[in-house]
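Enquirer: I am attaching a structure below and will ask some questions about it afterwards.
The values are calculated or read from the model by the stated rules, or taken from the named source; none is laboratory data. If you're wondering where the values come from, they're calculated on a predicted model, not measured in any experiment. For neighbour counting, all protein chains shown are included, and Cβ atoms are generated from backbone atoms with ideal geometry for every residue, glycine included.
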Amino acid sequence: MMVWFTLLLNSVWAAIPAVGFGMIFNVPRSTLPLCAVGGAVTYGFREVLLFNHLSIELATFIATTAIGIIGVFWSRRYVMPRPVYTVPSIIPMIPGTYAYEMMISLVTMNSDGVTDALLSSFIQNGLHAISILFAIAFGLVLPSMYYTKRKKPII
Amino acid sequence: MLLEYGAESRLIEQISSRLGVALGCTSIEISLIPSAIVLTTLIGDSSVTTTRRAHEQPINMSIVHQIVTICIAAEQSPRDIMMVERSLANIHANPYPAWLIVPMIGLSCAAFSHLQGADWPGFWITFLAASVGMMVRRALSSRNYSLLIVFAFTAFVCTLIASLSFYHGLSSTGRVVLSSSVLLLVPGFPYINSMLDAFKGYISMGWGRWTQATLLTLMSSLGIMLAMGLLDIKGW
């Protein structure tokens, strides 16, 4: 019970960045609530998958594919290009911390000399960041690739 | 027919310059490179070729949305060139006001830090850093500096403020604060767009945008490194 409550709370926290970044990208005002819902759903879904002991890359991939498919429906319904919904929704999953750790270890290696611990931290964090980024990108691309198979545009 | 295609092709030009997706009609050939669009309109035996240069613009999804709406309206009532031209002239940017966007971005980055396990002082420091960073970014953008310089300087300011958390052990999770306060600079749209382009067959567009996104990321890490070197943070 407690776990589900935490998960719900985290999803609500994840909705805030979705709205904020939607504002940076200047999405139309009417879509902001849907962006928030998208961010919350995507993050919550990933948390559930992580809780079930999936790896973080796979969980991210499945969650982004889900939001990609949801975005297709929303964009049909509200006549909107899909990235309006999908990109703000995936923002909470950007692997900022991993990329940051990678860069820190790079800088430290430069100033203090290369050690095994630093090198392994660099490689590991970098691989994590890159693979999560690719998972996000591929998950978003997959639904639209399915739909471009047909000649008709989505909206 | 001529007028209708003229309208359609202009829509293609504008939509594709943003999204890299061509809404191809049979008699319109379009070729995209990251900085320009070559467009050939074929009507009967004659053809018109135009080249347009695409200027760098900040991302603005509401303009894209309006163009798509006009495009759909034009499909429903073809040959209505006057309507299309009028509505194209009516497109407006519709930006969010500064007093709303600055705290929202601060709150977003603070939410990031919370999600990654920062404590409450860290939360507020992130809020402050990201808000000031957003203000700097808006101020520099409105003065028409290059986007790369804007990103580097914003990252610099963000890191400077976020490193407050190391001051007298104000926050025990300084690393999370530092990393999440620069998250407002993540070039999400260029990355996703470049992936979409490349997967759909616009390889050169994809590469162009990917390079742009990577350059932006590099510049922001340069700003972070500068700030760290200046302060000589020993938090890690």
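Enquirer: Give me a count of the residues in the stretch A:101-143 that are surrounded by fewer than 21 Cβ atoms within 10 Å (Cβ to Cβ), of a type outside the set (A, V, I, L, M, F, W, C) and free of Cβ contacts under 8 Å to residues at least 24 places away in the same chain.
Expert: Qualifying residue count, the stretch A:101-143: 10.
Enquirer: Which ranges mark the helices (runs of 4 or more DSSP H) fully within the stretch A:8-91 that have 1 or more residues being farther than 22 Å from A:Val141 by Cβ and more than 8 Å from chain B (Cβ to nearest Cβ)?
Expert: A:32-51
Results for (1) more than 28 Å from B:Pro103 (Cα to Cα); (2) at pLDDT below 80; (3) of a type in the set (Gly, Ala, Ser), shown as yes or no for each residue.
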position	(1), (2), (3)
A:Ser11	no, no, yes
A:Ile24	no, yes, no
A:Ala36	no, no, yes
A:Gly39	no, no, yes
A:Phe45	no, no, no
A:Glu57	yes, no, no
A:Ile62	yes, no, no
A:Met80	no, yes, no
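Enquirer: Using the structure shown, decide if B:Ala110 is under 20 Å from B:Phe166 (Cα atoms), within 11 Å of chain A (Cβ to nearest Cβ) and in contact with a Gly (Cβ under 8 Å, 6 or more places away or on another chain).
Expert: No.
Enquirer: Examine the stretch B:71-85 for a residue that is small (Gly, Ala, Ser) and at pLDDT 80 or above, and state whether such a residue exists. Break it down stepwise before answering.
Expert: Here is the first cut: in the stretch B:71-85, the ones small (Gly, Ala, Ser) are B:73-74, B:77.
In the following step, the residues that additionally are at pLDDT 80 or above were identified as none.
No; the residues of the stretch B:71-85 include none that is small (Gly, Ala, Ser) and at pLDDT 80 or above.
Enquirer: Could you list, in sequence order, all residues of the stretch A:6-64 that are aromatic (Phe, Trp, Tyr) and crowded, with 23+ Cβ neighbours inside 10 Å?
Expert: Answer for the stretch A:6-64, where residues must be aromatic (Phe, Trp, Tyr) and crowded, with 23+ Cβ neighbours inside 10 Å: A:Phe21, A:Tyr43, A:Phe61.
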